[in-house]
Structures are given as structure tokens and as C-alpha cells.
Amino acid sequence: MPSALEIHQWTKQLSTDDWILQSVAMEELGKLKIEKAVPAIKKILDQGKSSWLKGRAMLALAKIVGKEMIPIAQKATGNSDPILRKAALETLDLVGGETSAPVARELLKDPVMEVRAMAAALYASEFPEEAWPTVERLTGSDQSSISSDLMRALAHVGSDEALARIEMLFYAPNANTRRGQDIIQALAIADNQAIPLLVRLTTHYSPNKTEFQLGQKLLSTRDEKIVTTSLKGMLLSDETQFKGNTAELMAGICPNRELGDLLSTIWIKRKDMPQDAIRSGLTALSKIEPSRYESFFSHYLKSEDPITRAIAVRCRGLIHDKELFETFRSYVHDDNAKVAQAALESLRRAPVDSKPTEGLLAYLTRSLSSSEESVLLAALDLLGKRATVDEFDSALEVLKPFLGGEESRAREAAAKALNDLSGNERMADVSIAQGFVGHWMVVGPFLNDNKNTGATKVYPPELQEDAETYKAEYRWEFGGGQANNRELDLTWVEASAQTLEGEVHIAAHIPVPVRYAVAYAKTELISDEERFVRLEIEVRELLSQKVWIDEKEVADFTFQRNELSSRTSERMRSKPRHTKTVKINLKKGSNRIMIKTATFGGSWRLRMRILDESKNKKADGVTLVASKPRSR
């Protein structure tokens, strides 16, 4: 329903000099029957710049005030301008009822074809038999162009002869590209006698075409028994060109056993059935009652056509089967990627108590080694959804090549699978396997303010990193309640990754509420030899981060508001954040990392990844600690 503002704008448009805006406004206001628009539309009817615009005004008024427009429209049928005569007939067609027939009969002799066609449609709606001779003459095969009004006239007549004429026009070699849609639309007004024709013509189009969708919509409101009988005729016919479309139409409007049983019997017996028709038949039966057609689906599991085989797999997967993993074993490893993907995705719907005897991880070994990304991603998704928690550690080892690799889609899918498998309980381990620091020791808060003065102050952890406790002044920064400024005794606390990308929410590990504050986080990297790596550090606005490696400063980042992004759209989606990389040299053995992180109004989060010197992958030979770093 349009808003009051839209209605107001359309009403204002009636007074503009722009005929396009006026016509759009009249169309919308007429559909909504906005009575307050009547005076302005009447003014356009009387003083409009063109006959066409006056005609649109007449129609809009008819939609709003109804039969009040009959005298005006009847008078306009005698206007010298054919555009107004046609608009008058359209108006009478809308509101005139039986009173329109005499006027329409007179205009069957109009010198202008467009007017005669509209008059024929209007007259045929009331007196179809009397109108037929005129309509027959106007719709002969020798006519180069047949208007939609004449198609409606034929549909109104609705006799065997008229329907035969419609079908002839549909197949006419000189028909324009619009004719099919005009005919199907015209059949909306025909009686049930036209249903078989509407079914036949609709199936000439593929389901993604406007004509098919229109025909399906019209047939969905018609007598189901007649529609079913018509579809049976199509299924039994010798032609094969439109069998697929027929199956799609059946599934859309009459997904019943009678038609499904007939289709399943015919499709298997016929050897000349096109592959697209077989696929449509599979899909149609899957929408009726999958378990009823198990043998049909199984028959096409043997198809040599991989696309048909893949669809058959998906349909077979809809049937409740405790042994589905065994049934699909060969299809999971099918040479065609689409078939293998279909099998893997279908197994997600297998009964809860259905599982392979060797365990899911072993069952998926070949799939996880597939060079086809679609198969690999489907296998990872299945692993995450159907493996058991006791398979986590084994799965983590198997998936480490993906987690530490360069392919971001495979890495993210493997991480998600492991997280799903563990029920969100092993995020830190998954993040570490990707090269993210998954465990930190954190201490804070130390004082800061909205000017970020704390970022340059030297606090005790910088002087004595491994002290057991630190003294820190605490200042209450929130309105309401009672200020509770005091001295804090702070200790290092363990903080684990809270996302698969190793993100830690610093404030969640601070013992008191803060708005502006400084904290320190430390961890340990163990390298099997001296090597260069890159630290990928997430940076945010209104946040400072200073990084030391074994007490040597290697990075210092501070970003003010709007410095990372000034685009409103991006800022509305989320707080802007980016990454910065720093190349560092690790010595063999233990390397200590400490970060000083200061918020002066920004989102206080920490994320770091240890990357290869040049490739976008986890650095080889570097172990990230999974617990409290050792004291020196």
C-alpha cells in the first residue's frame, strides 16, 4: 500500500505541465480510488494537452467514481478524435455493463481499426454470437497485425471456431513476438472451454518466460479437474518438445498422484525423451511425494547424462533412508563434480541416526582431496553439520592444509565446519590453525581519555612485563550512580579468541567498566628457525596499538574518527576496520609479542595473524601458543 506521502506527491503531479507525470499520477490514483483527486483529474479531462491524456483521465475517473462516467463516455464515443473514441470504449468496458453494447455495435463500423477492435471486444463480451462474424473478419490470417483487443474479442466469443482461430493466430508465421503473451492474457477472460488451449499454449514456453508464468497463474485459478485432464492429454501426446514444460506446469498447479503416476510410467518407457524433459519430470515428482517415486529416481541415478544424474541424486536424497550414506557412496565420488556435489549436499538431510560405518571424516577423505572447489566446499559443509564432536581433533589435523593455505574460501569453509562440529567450543584452536593468535594474556585497565593521552604514557607492564600484579588508578567515567574512583590491583588474565578470525574483545577481560582505557596483551611465537614473517594487525578508528617483539617496537598505529572511512554507507553497515601488515624477523625459538592497545572511543578489539613473508597464508614453521606464555 503506497504511503500518504506518495499519494500526496501523485496528487501534486496532476497540476504539473509534464504529461508523463500527470499520466503516471492518474494511473496510480485511479487504482487507489483516491476521491480527493477527482477535481484535478476532471480538469485534465476538460483541458488536457492531448486527446491521449484526456482519455487517460476518463479511465482514471471511471476507476474512482464508477458508473457516473457512463454518460460522459457514451458522449465521447461520438468524438471526432479516434483516440478519445477508443478511450471512451475502454471506459465503458470498465463500468458500462449492458448499456455499452449498443454504442459498441455502432462503432464496429468505425473507420479506424483500433476503435473497431475495441468495439468488437466490448460487444463480444455481451453478445458473443452476434459479434463473431465481425470478429472473424477482423482476425483473418491475412491480417498483418492483430491487436490485443481483437484477441480479447475472440476469447469473449469463446466458441470452438473462435478458439481455433486463436490457436491459428498463435502459430501464424507472421506473428510478432508479443502475440503469444497477448493471447495467453486474453484467455484469462475465456470460460472453462478454453482451458485445454491455455494449457497447450503455456507449455510452448519455458518456465522462466513471462508467458509461462502468466499461463500458470491463470490456470491455478481454474477448475482443477479440467486442468488435470488437459495435462494428461499433454503427457500422453506423442510430441516430446514440450514435455519438460508440461512437467513443470504440472508441478506448479496440479502436483497430484494421478498425474505423477502417469508421468513416471510414460517417462521410463519412452526412449526418445529429451534430457531436459527427464530433468523436469524428476523435479516435478519430487514436489508431489518423493517416497512414492523412489524407483523413478533410482532409474535415472544410472543416467549417462551427468546433469540428469545429479538431479536424480537430489530427488533420491529427499526420501527418508537410514542407509543413505551407503546408497550415495559411489555418487559422492562421482567423476562429475555436479553429481558429487549433489550427493554431498543431499546427505545433509539424511536421518539423524544415519552415518557411515567408518565415520564421516574417513567417508569424506576423497572428497576433501578433490580439486573441484564445489565438491570440497560441499564436503566441508557436510562435515560441519553431520560429524560428531569426538571427530574434532582428527578433523582439525586433516583440515590444517586448508586452514593455513592461501585459498580464502576453502579456509573459511574449513574453519566454519570445525566450529559447527565443535559447537563453538574450540574457536581458539581453529583460529590458531589459520595463523591467528588464539590465546593472549591481558592486563588492564590503565588510564586513558578521549584525547588518547594514555597511549603515550609508560605504564608498569612496559617496565616489568612479568610482574604478578600491577597497581593502577581507576576513574569512574559514566554518568549516574556514584563515582567509585579507586586504586586497582591488576593481574594478567587469559583471553581466548572469540571468533574464528582470532578476535578478542578486550573490554570483556577487564575487571571494571571503562570508556577510555589502556590495556596490554602478550603472547609467544615459537619458530623452528630464524625467518621473516608478517604480522597482520586489525586496526580500527579511535584505537591505538603499539607492538613490541622481544621488547623491540615494530609497529605503532593510531586512527582518528573518519580516518579509515568517511563513507556514510560503510559506517552504517559496521564500524570501519582495516588491516596493516608489518614485516618482522623471528629468531629461532621463543619470540615474545606484546601489544599496548588503547581505546579513546573506538571498538576495543584485538586481532593479529602471523603470515608468510610474501604469501597470504599462515607462516610455516611458526607455532602459536595455546596457553599462558612462559615466564622468562
Checklist line | Ellipticity estimate at 222 nm from DSSP helix runs (n ≥ 4, -39,500 (n - 2.57)) divided over the chain, nearest 500 | finding: -13500 deg cm²/dmol
Checklist line | Segment PHE127-LEU236, extension gain: residue separation times 0.36 nm, minus the distance between their alpha carbons | finding: 35.6 nm
Item checked: Förster radius 51 Å - calculated FRET efficiency between LYS209 and VAL112 (Cβ-Cβ, nearest 0.05) -> 0.95
Checklist line | Length added when fully stretched, LYS75-GLU323, from 0.36 nm per residue minus Cα-Cα | finding: 81.6 nm
Check: With the Cα gyration tensor of the chain giving a ≥ b ≥ c as the square roots of its eigenvalues, does the rule (a/c under 1.5 for rounded; else a/b larger than b/c for prolate; else oblate) give rounded, prolate or oblate?
Finding: oblate
Notebook entry, point to check: Roughly speaking, what is the centre-to-centre gap between the range 404-483 and the range 22-68 when only Cα atoms are used, to the nearest Å?
Noted result: 66 Å
Margin query: Given 4 °C and 1.567 mPa s, compute D for the range 226-292 with the Stokes-Einstein relation, Rh being the Kirkwood radius over Cα pairs; round to the nearest whole µm²/s.
Written below: 113 µm²/s
Margin query: Given a 1.4 angstrom probe, what's the average accessible area per residue across the range 171-262, in square angstrom?
Written below: 46 Å²
Notebook entry, point to check: With point charges of +1 on the Cβ of Lys and Arg and -1 on the Cβ of Asp and Glu, referenced to the Cα centre of the chain, which listed residue (THR139, GLY435, VAL493) lies farthest in the positive direction of the dipole?
Noted result: VAL493
Notebook entry, point to check: For the range 125-175, what is Rg from Cα atoms divided by 2.2 N^0.38 Å, rounded to two decimals?
Noted result: 1.03
Check: If you wrap a convex hull around the Cα atoms of the range 124-233, how much volume per residue is inside, in Å³?
Finding: 95 Å³
Item checked: Distance between modelled label sites at ASN450 and PHE532, nm, 7 Å Cα→Cβ extension -> 4.4 nm
Checklist line | FRET efficiency for ASP489 and SER3, using Cβ-Cβ distance with R0 set to 56 Å, rounded to 0.05 | finding: 0.40
Item checked: Calculated FRET value between LYS615 and ASP390, using beta carbons and R₀ = 35 Å, to 0.05 -> 0.55
Next item on the list: Rank-order 104-116, 3-15 by packing density, defined as the average count of other C-beta atoms within 10 Å over each peptide's residues, highest first.
Entry: 104-116, 3-15
Next item on the list: With a point put 7 Å past each Cα toward its Cβ, work out how far GLU473 is from GLU372 in nm, to one decimal.
Entry: 6.7 nm
Next item on the list: Work out how much length ILE20 to ALA188 would gain on full extension: take 0.36 nm times their residue separation and subtract the Cα-Cα distance, in nm to one decimal.
Entry: 57.5 nm
Item checked: lysines with Cα under 17 Å of LYS67, excluding same-chain neighbours fewer than 8 positions away -> LYS31, LYS33, LYS42, LYS75
Next item on the list: Quickly work out the ARG292-to-TRP52 label distance, labels modelled 7 Å from Cα along the C-beta direction, and quote it in nm with one decimal.
Entry: 5.3 nm
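The values are calculated or read from the model by the stated rules, or taken from the named source; none is laboratory data. Note that the structure is predicted; figures quoted are calculated from it, not measured. Ideal geometry is used to build each Cβ from the backbone, glycine not excepted, and the neighbour counts take in all protein chains shown. To get the accessible areas, we keep the full protein, side chains included, count just its heavy atoms, and leave off ligands, DNA and RNA. Shrake-Rupley method; radii C 1.70, N 1.55, O 1.52, S 1.80 Å.
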